[in-house]
Amino acid sequence: MQDLTNKVRKFCEVEFGINSETMSVSTWKKIIHERMHHCSISQPNDYWNFLQSSPEEYQALVEAVVVTESWFFRDQAAIDFLVPFIKRQTHRVRILSIPCASGEEPYSIAMTLVDSGIDPDCFHIEGIDISQIALSKAKQAIYGKNSFRGDKQKHLLAHFSKEDECYALHRDIKNLVTFNYANVCSSAFLSFPPIADVIFCRNLLIYLNKKAQVDLLTAFAHALGNDGILIVSPAEADLCRKLGWVKSPQPKLFIFQRHAVEHSKRAPVIKAIVREIPQKTSIAAKELKGLEVIQKLADEGTFQEAWKLLEKFLGREGLADPDAYFLAGVIKHACLQEELAEKYFLKALYLKPDFVEALTYLALLAERRGDDHQAQLFRSRLERSEKYVHSE
Ligand SMILES: C[S@@+](CC[C@H](N)C(=O)[O-])C[C@H]1O[C@@H](n2cnc3c(N)ncnc32)[C@H](O)[C@@H]1O
């Protein structure tokens, strides 16, 4: 039995990324024993062979191992953050809830966006999970009291109808979310993750092993590009930081942007750009040191502190330093304050008309605003500047 327990634990680690140590050995044994009993199998070897040949048993084991607990409005602050984010976008925003469990999270997002007056045509929400049981509950959208914790009476009244002891979600909200099955630790998902603007990945990474955590966050980086955002739970924030993601400066928001992933030719990532700031000879050594300190803080993702110092630096009378303004733009961009970021990039460009990195950012920001004409102007200027730089 011990041998089978070890094999099944390893199987779950490899197949669906679980960290087998999140459950005690006795819990593993209990699960395996129940599965064998359910399949009327008494010999450990027979169960092992059956598990590998039966997709139904594979799924039944998944259902026995995963924790599908979820409730409505579990992270209201993060969902509220989406409202201005979506209002700023010029395209239909694609939001993924991975994992969505029985649908409480994606439906909470849909309710909040609709209640904030956002046109449902402006976003699309997709929930993904490995549990078929949770997904079918999500598609049904009928919930018991346990899915509502805290004071959510307002939403209950507005979006649900009481049916006996349960609450049925109204069709208008239900229709805003689609649900799909996927094992997000499978090579199929990791190789082709769905493209998204926002990924909610709350309370999954904590259950995964190191390899699965790294693989999944790398896939998310591909899926989100440079501008997309990843929302995790507080317990998962440190992991994201360690893997180079940059946290939003707000203390209670665990919102991250992709950072220093080198495969894309889209906008240069914050870290790469900050590091590329040319060493200035025109400013005093003392000032250069100051800017380097700020740059290091930004590099580490401590934007609030970096900004405090930079504000002082920028406040100096007669300051005409394009690198300082560029760094201000990078920090504001990382904090998702795109209008301000643009203002600083323009100042940097004014002081240094062939500033390639500033032009790159400005072209991308104009593109995101949907201003193709302006984006094209920055891009042709960029081409000229790059030609000039390379021919020097
Ligand atoms: C605790 S729930 C989190 C639900 C929701 N995000 C929340 O925070 O309330 C964890 C979910 O992760 C899903 N899950 C675990 N491993 C998975 C995998 N490899 N692929 C997809 N979903 C997985 C489980 O089925 C379960 O529904």
Item to check | Partners for Lys211 among aspartates and glutamates (Cα-Cα distance below 20 Å; same-chain residues under 8 apart left out) | outcome: Glu13, Glu15, Glu21, Asp129, Glu236, Asp238, Glu262
Next on the checklist: Please report the spacing between the Cα centers of the range 172-251 and the range 309-353 in Å, no decimals.
Outcome noted: 31
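Place the peptides 174-180, 35-41 in order of packing, highest mean first, counting for every residue the other Cβ atoms within 10 Å and averaging per peptide.
Values: 174-180: 16.3, 35-41: 14.1.
My ranking of the peptides, most packed first, is 174-180, 35-41.
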Item to check | Helix 356-369 vs. the chain, principal-axis angle (Cα, 0 to 90°, nearest 10) | outcome: 50
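Quick one: order Thr302, Thr5 from most to least accessible surface, probe 1.4 Å.
Numbers: Thr302 55, Thr5 0 Å².
Descending accessible area places them as Thr302, Thr5.
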Checklist entry - Roughly what angle does helix 338-351 make with the longest principal axis of the chain, taking Cα atoms, 0 to 90 degrees, to the nearest 10? => result 30
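Which links in Lys10/Lys137; Lys87/Lys343; Lys308/Lys343; Lys87/Lys139 stretch past 22 Å when you go from one Cα to the other? Write out the running numbers ahead of the final one.
Values: Lys10/Lys137 29 Å; Lys87/Lys343 20 Å; Lys308/Lys343 18 Å; Lys87/Lys139 28 Å.
The pairs that break the limit, which is 22 Å between Cα atoms, are Lys10/Lys137; Lys87/Lys139.
Roughly how big is the chain's charge dipole about its Cα centre, with Cβ charges of +1 (Lys, Arg) and -1 (Asp, Glu), in debye to the nearest 20? Each step should come with its number before you reach the end.
Details: 49 positive and 51 negative charges, 128 e Å.
Dipole about the Cα centre, nearest 20: 620 debye.
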Checklist outcome for this item: Output ordering of 192-199, 225-232, 159-166 (per-residue mean of other Cβ within 10 Å, highest first) is 225-232, 192-199, 159-166
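Largest first, what is the accessible-area ranking of Met23, Met111 with a 1.4 Å probe? Intermediate values should be presented prior to the final figure.
Working: Met23 35, Met111 0 Å².
The ranking, largest first, comes out as Met23, Met111.
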Checklist entry - GNM, the chain, Cα, under 10 Å: largest mean-square fluctuation among Gly318, Gly103, Gly127? => result Gly318
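Where both residues lie in the range 76-261, what percent of DSSP beta bridges are antiparallel, nearest 5?
Values: 11 of 27 bridges.
Bridges in the range 76-261 are about 40 percent antiparallel.
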Checklist entry - With charges set only on the Cβ (+1 for Lys and Arg, -1 for Asp and Glu), what does the dipole of the range 76-261 come to about its Cα centre, in debye to the nearest 20? => result 380
Checklist outcome for this item: In the neighbourhood of Met1 defined by beta carbon distances under 14 Å, the net charge of the other residues (Lys, Arg +1; Asp, Glu -1) is +2
Checklist outcome for this item: From DSSP H assignment alone, runs of 4+ in the chain each adding -39500 (n - 2.57), the sum over residues rounded to the nearest 500 puts [θ] at 222 nm at -17000 deg cm²/dmol
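The values are calculated or read from the model by the stated rules, or taken from the named source; none is laboratory data. Owing to the predicted nature of the structure, the values given are computational and were not obtained by experimental measurement. FYI the Cβ positions are ideal-geometry reconstructions off the backbone, even for glycines, and counts take in every protein chain you see. When the accessible area is computed, the model is the full protein with side chains, heavy atoms only, and any ligands, DNA or RNA have been set aside. Shrake-Rupley method; radii C 1.70, N 1.55, O 1.52, S 1.80 Å.
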